[in-house]
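Notes follow the structure.
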Amino acid sequence: MFAQILEITLMNLKNLPSRLGSSSVVVVGIGGVVGVMVAILAMAAGFQGTLDGGGAPDRAIVLRGGSDNELSSGVSTDEVNVVSGMEGVVLASPELYMVADVPKRSTGTDANLIVRGVTGDAFAMRDEIQIVEGRNLEPGRGELIAGRGAHIEFAGIDIGNKVQLRQTEWTIVGIFEADGSAYESELWVDLPVLQSAFRFTGASSIRLRVDSPERIDELAEKIKGDPRLDLELTGETEYFAGQAGGLTDTIRIFGYTVATIMAIGAVFAALNTMYTAVVTRTVEIATLRALGFGRLPVVVSVMIESMALALLGGVIGALVAYVGFNGYTVSTLSNVSFSQIAFDFAVTPELLRDGLIWALGLGAIGGLLPAVRAALLPITVALRGE
Amino acid sequence: MAIIELTDVHKTFMKAREAVEVLMGIDLGVDEGDFVALMGPSGSGKTTLLNIIGGLDGATAGEVVVADANLDELSNRELARWRAATIGFVFQFYNLLPVLNAQRNVELPLLLTKLSGEQRRRNAQTALSIVGLNDRARHRPGELSGGQQQRVAIARAIVADPPILVCDEPTGDLDRENAEEILDLLQILNRDHGKTVIMVTHDPKAADHAKRVLHLDKGKLVREMAA
């Protein structure tokens, strides 16, 4: 049986050069489906990865009770002092989170850019922050450092430039990276200078580094039960996962919907091509069946051909998506923080695998009916080439 | 001893919702080692009769016993295996697979056996040497003349050593010289290798190579002549 399948499949594949035109329809059609699907899902994966990347298991964020993001939160200096002194807290970083309008490079239109006021502890607890160009900001001065994403996405966010925020001029002195996390979409400035410029006391949130990840639940309970505090503590990983606000799922659903619509067209292309392939080889297939070859090897070999073409399309589509989009930086408005988050498309191995599975599935669907037709056509009719 | 025995065989096709009776009560016995030519005008049922004997088509009524097998009683899978073991087909237009060379074309029926690859190659070379084409083993059908292609097809038909060769107009696409070579080859296979040959032909000169000539007309055997 295997020898029969192999022989008919080899015959079919060797025939491909004589059917390059029709075969390329399948390759291009399914390549398009896989390319678009992988690219869109790479957007979702990149967005989620950016948000997930900011989280560490031994870090937590403290916000005003009822707030689900830093923009709507406020923490008083007294509260900062109480929380900082709690058992298990290794580092506490009060941070002020503001939003400024800055034009985007791509469109020239203003978009919300996060300005984060930080102290030295913010750097101490975030090992992932690396200055990659220029230098770090100096406390007490009107200096800022920009995340790599903010530098790429926003006009004028370049070292040496000055940025006007609320009647105060700030000099950009460095560009930082943060393992591709959402921090890279922000401008960081000295907290006291920002408080002064924005006439704000206190902070928006407190970042904590604790002595062990297990401490987080305990601290959350302690803060909740402390009558002096109207605050809530959330583990940083959990916090960032919530910041996606369903956007990742929306992108994924969009990706699969577009892919499904395109796939319907690709399946028809595959059906048409494979019907043509079967019709042009009707006599050959009938001859093999007359010689004693079974129906199953005929069905399997036609499907293998269809799936091979689809796989080729899938590989090309996935490669195009990888080469064209992997690492491509874009930004989008977070529907939770109402600020721009820059992120890179992430064409992950899992997405490539899923794309190829889709290609094989489409090839199988497109090849099945023509294969069954080839196998069921009466031999005497097929020998006449009908 | 009869290797082919047909008793009151009928075959009806449906054409445009109308039943067309192509074979009407055929009784035929062919002995082992016989060489039978089937002649008759177009539409007389020659090819249909050949297809029924070769197990490619079934009779609507009657009994078809070939090489001790009652073909009506075989499932599709059994019939395929039976054809592989019992019948060697030679078609008018050779029906070689264009992407395979002569050697691979001849090997095809052996893929249905348990022979090793090496044994398959040896048997195919033997079959090609019988038809005088050993030196063309690596050529594809497109690189061979019509007569050579038909000889490759005959090598394919005999490679699995089936007792019966079923030939549908084997010289219909050849010039006289090549046709004579093919007919001589079939005669050798019949005479020296003991193959039973059933051949459909329009050509009286081709029929002259047979031991028996049967004439069909309008679905009936109308006369038989010894060649």
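Please treat every number below as a calculation from the coordinates, not as lab data. Quantities reported herein were computed from a predicted structural model and do not represent experimental measurements. With ideal geometry, Cβ positions are generated from the backbone for all residues, glycine too; neighbour counts draw on all protein chains shown.
For the reader, a short list of remarks on this structure follows.
- For the protein assembly as shown, the antiparallel share of DSSP beta bridges with both residues in that region comes to about 70%.
- When the trypsin sites (Lys or Arg not before Pro) in the range A:176-261 are filtered for DSSP coil states and for at most 13 other beta-carbon atoms within 10 Å of their beta-carbon, the remaining sites are A:ARG199, A:ARG228.
- Each Cα pair under 8 Å and six or more residues apart adds its sequence gap; the mean of these over the residue count of the range B:2-226 is a relative contact order of 29 percent.
- A convex hull fitted around the alpha carbon atoms of the range A:59-211 yields 108 Å³ per residue.
- Relative contact order [Cα under 8 Å, 6+ residues apart], the range A:59-211, whole percent: 36 percent
- Largest GNM mean-square fluctuation among A:ASN81, A:ASN136, A:ASN326, using chain A with Cα springs under 10 Å: A:ASN81.
- Take the Kirkwood radius over Cα pairs of the protein assembly as shown, plug it into Stokes-Einstein at 25 °C and 0.890 mPa s, and you get 81 µm²/s for translational diffusion.
- For A:LEU91, net neighbour charge (Lys/Arg +1, Asp/Glu -1) across residues whose Cβ lies under 15 Å away: -3
- With the simple spin-label model, which puts each label point 7 Å out from Cα in the Cβ direction, the A:LYS222 to A:THR168 separation comes to 3.2 nm.
- Relative compactness, the range A:45-87, computed as alpha-carbon Rg over 2.2 N^0.38 Å: 1.46
- Applying 1/(1 + (r/R0)^6) with r as the Cβ-Cβ distance of B:ARG81 and A:SER84 and R0 = 60 angstrom yields a FRET efficiency of 0.10.
- Gaussian network model of chain A, Cα within-10 Å springs - most flexible of A:PHE123, A:PHE47, A:PHE154: A:PHE123
- Distance from the C-alpha centroid of the range A:1-50 to that of the range A:139-175: 47 Å, rounded to the whole angstrom.
- Residue list for the range A:359-386, given a label point 7 angstrom along the Cα-to-Cβ vector of B:ASP173 and an amide N cut-off under 17 Å: A:380-386
- Acute angle (nearest 10 degrees) that the helix A:282-291 long axis makes with the longest principal axis of chain A, alpha-carbon atoms: 70 degrees
- When only alpha carbons are used to place a centre, the range B:34-79 and the range B:124-199 end up 22 Å from one another.
- Averaged over peptide A:290-302, the number of partner chain Cβ atoms lying within 10 Å of each residue's Cβ comes to 5.
- Inter-probe distance in nm under a simple model that places probes 7 Å from Cα toward Cβ, at A:SER212 and A:GLU128: 2.4 nm
- Cα gyration tensor shape for chain B, rounded if a/c is under 1.5, else prolate or oblate: prolate
- In percent, rounded to a whole number, the relative contact order of chain A is 30, using alpha-carbon pairs under 8 Å and six or more apart.
- With a cut-off of 14 Å between beta carbons, the residues surrounding A:GLY366 carry a summed charge of 0, where Lys and Arg count +1 and Asp and Glu -1.
- In this rough spin-label picture, where each label sits 7 Å from Cα along the Cβ direction, the A:VAL381-B:LEU74 distance is 2.2 nm.
- Cβ charges +1 (Lys, Arg) and -1 (Asp, Glu), total dipole of the range A:1-142, debye: 920 debye
- For the range A:152-253, the percent of C-alpha pairs falling in each 5 Å distance bin, counted from 0 to the bin holding the largest distance, reads 2, 9, 13, 15, 16, 17, 14, 9, 5, 0.
- Note on chain A: with charges restricted to the Cβ of Lys and Arg (+1) and Asp and Glu (-1), its dipole about the Cα centre is near 2200 debye.
- Cα-Cα P(r), the range B:67-114, percent of pairs per 10 Å interval: 22, 45, 28, 5
- Ordering of A:256-263, A:364-371 by burial proxy (mean other Cβ atoms within 10 Å per residue, highest first): A:364-371, A:256-263
- Under 20 Å between alpha carbons - lysine pairs in the protein assembly as shown that sit 8 or more apart or on different chains: 12
- Stokes-Einstein diffusion coefficient of the range B:120-197, Kirkwood radius over Cα pairs, 20 °C, 1.002 mPa s, in µm²/s: 169 µm²/s
- Distance from the alpha carbon centroid of the range B:201-226 to that of the range A:97-114 works out to 94 angstrom.
- As a calculated quantity, the FRET efficiency between B:GLU21 and B:ASP135 at R0 = 41 Å, using C-beta atoms, amounts to about 0.25.
- Rounded FRET efficiency, nearest 0.05, which uses the C-beta distance separating A:LEU369 from A:SER24 and R0 of 25 Å: 0.75
- Estimated vicinal HN-Hα couplings, Hz - the range A:31-48 in sequence order (Karplus 6.51, -1.76, 1.60; Gly, Pro = x): x, x, 4, 5, x, 5, 4, 4, 5, 5, 5, 5, 5, 4, 5, x, 5, 5
- Note on the range A:1-119: Cα convex hull, mean projected area over all directions, 16.6 nm².
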